[in-house]
Structures are given as C-alpha cells and as structure tokens.
Amino acid sequence: MMKLLAIVGSLRKQSYNLRLARTVRERFADRFELRIADIGSLPLFNEDLEDRPPEHVAAFRRQIKEADGVFVITPEYNWSVPGVLKNAIDWASREDRPLSGKPVMVMGVSNGSVGTLRAQLHLRQILASSGVQADVLPPAGNEVLVRTGGEKFGSGDGLLTDDKTLASLDRKISKFLEFVESRKEGR
C-alpha cells in the first residue's frame with residue numbers, strides 16, 4: 001500500500017487544515033496509509049545543529065524519506081505560510097534533503113473567500129527553491145483551496161462534510177496518486 005505523509009502548517013488542535021488531513025486519511029484509507037507529521041515539536045532551525053540534528057528532526061526527515069508522497073496543507077497567515085511550516089521545510093532542506101524529488105501536493109483551508117491562494121503561491125516558491133526541489137503537482141486544475149472552511153466541516157468528528165468540496169477533493173487526490181505512481185515508475 002502507498003505510504004503518504006501530511007505536513008500540516010497549523011498547530012491548533014481543531015485546525016481546519018488538520019481536519020482536512022484527517023478527512024483525507026479516513027476517506028482514502030483503502031488506497032493509501034497517511035501519517036500526519038508532528039512539526040510543532042521541531043526546534044527552530046539552527047545551522048549549528050545541522051550536522052547532528054535533534055532526534056525529532058531526524059525522525060521528521062525519516063518520515064519524509066520513507067513516504068511515497070507528501071501533502072503540504074497550509075493555512076494562510078498574513079498572506080503567507082505560517083512560521084511553523086516554513087521552519088519544518090527549512091529542516092527538510094538540509095543534509096539529505098528528503099523533499100528533493102519527492103512528489104508533493106499543496107492544499108489549504110481558510111475562512112476567507114479565496115482559500116489559501118496567497119500562502120500556496122509562496123509555498124510553491126519555497127518548495128521549488130534550490131535547497132528543497134520538491135516535485136510539486138502542477139497547479140492547473142489541481143488546486144485544493146477550501147474557502148469558507150467554517151461552513152464545510154462537521155461538528156461531531158470535525159471532518160469535511162461539504163459534498164461539492166469532497167467531490168473535488170476526490171478528483172484531485174486521484175490525480176495526485178497517479179502523479180506519485182508515475183514518479184515511482186520513473187525511478
């Protein structure tokens with residue numbers, strides 16, 4: 001079974017972005033195993049620790065390396081990505097650079113009317129940088145920009161309940177799985 005990793009750029013326990021990751025994990029459990037990385041425990045990036053990173057950093061890098069693909073799910077803070085997400089990517093951009101060449105899909109949820117559009121644009125720039133060089137699913141028709149998030153998640157388990165958004169998510173996740181498979185075949 002395919003193994004994927006979700007890196008969620010919000011630390012809030014009931015974050016819509018974390019709920020999106022949980023929705024994906026539950027909805028596609030028959031197609032892949034999804035682990036959600038704990039980036040809240042990563043220390044601030046420090047080059048002095050680069051050669052001998054703390055165990056949590058090493059474990060995070062291993063999770064990325066062992067995954068067939070990665071979802072990066074971001075909220076939008078001040079028109080960009082949250083610092084905790086940038087910090088995680090910074091740790092993954094050093095030493096063995098586990099995101100390099102790794103298939104990645106960008107997603108996000110916000111309460112606003114444009115979703116996490118600006119944050120995703122910045123995130124794509126970061127993921128394309130020379131230190132990261134992730135293999136990001138092209139955006140054309142593959143954007144997951146969940147708008148007005150407060151209206152689209154249930155109160156019980158907190159998972160995504162909006163039928164139109166779920167149908168769109170199903171199509172785009174299927175495209176990403178094909179993208180991951182095509183990269184595995186090319187290795």
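Can you tell me which residue within region 26-68, out of those that are polar (S, T, N, Q) and either within 21 Å of residue 104 (Cβ to Cβ) or in contact (Cβ under 8 Å) with a residue 12 or more places away in the chain (or both), is surrounded by the most Cβ atoms within 10 Å (Cβ to Cβ)?
Only one residue fits best here, namely 63.
Scan region 49-59 for residues that are more than 19 Å from the chain's Cα centre (by Cα), closer than 12 Å to residue 94 by Cα and assigned to a helix (DSSP H, G or I) and jot them down.
Listed by number, the list holds a single entry, 49.
Considering (1) touching a strand residue (DSSP E or B) at 6+ places or on another chain (Cβ under 9 Å); (2) surrounded by 17 or more Cβ atoms within 10 Å (Cβ to Cβ), say which one residue 83 fails and leave the rest.
Checking residue 83 against (1) touching a strand residue (DSSP E or B) at 6+ places or on another chain (Cβ under 9 Å); (2) surrounded by 17 or more Cβ atoms within 10 Å (Cβ to Cβ), the one that fails is (2).
Residues 100, 155: which one is at pLDDT 95 or above, in a loop (DSSP other than H, G, I, E, B), among the hydroxyl-bearing types (Ser, Thr, Tyr) and out of contact with any Cys (no Cβ under 8 Å at 6 or more places or on another chain)?
After applying the criteria, what remains is 100.
In region 116-152, how many residues are over 19 Å from residue 101 (Cβ atoms), modelled with pLDDT of 95 or more and under 15 Å from the mean Cα position of the chain (by Cα)?
Of the residues in that region, 9 qualify.
Filter region 130-165 down to residues that are of a type in the set (Ser, Thr, Tyr) and exposed (fewer than 12 other Cβ atoms within 10 Å of the Cβ) and give me whichever is farthest from residue 91 (Cα to Cα).
Filtering first and then ranking leaves 155.
May I ask you to list the residues in region 158-180 that are part of a helix (DSSP H, G or I) and touching a residue at least 12 places away in the same chain (Cβ under 8 Å)?
The answer is 165, 166, 168, 169, 170, 172, 173, 175, 176, 177, 179, 180.
Of all residues in region 69-80, how many are crowded, with 22+ Cβ neighbours inside 10 Å, closer than 17 Å to residue 16 by Cα and not acidic (Asp, Glu)?
Total meeting the criteria: 5.
The values are calculated or read from the model by the stated rules, or taken from the named source; none is laboratory data. The model shown is predicted, which means the values in this text are computed figures rather than measured ones. Note that each Cβ is placed from the backbone with ideal geometry, even for glycine, and that neighbours are counted across all protein chains shown.
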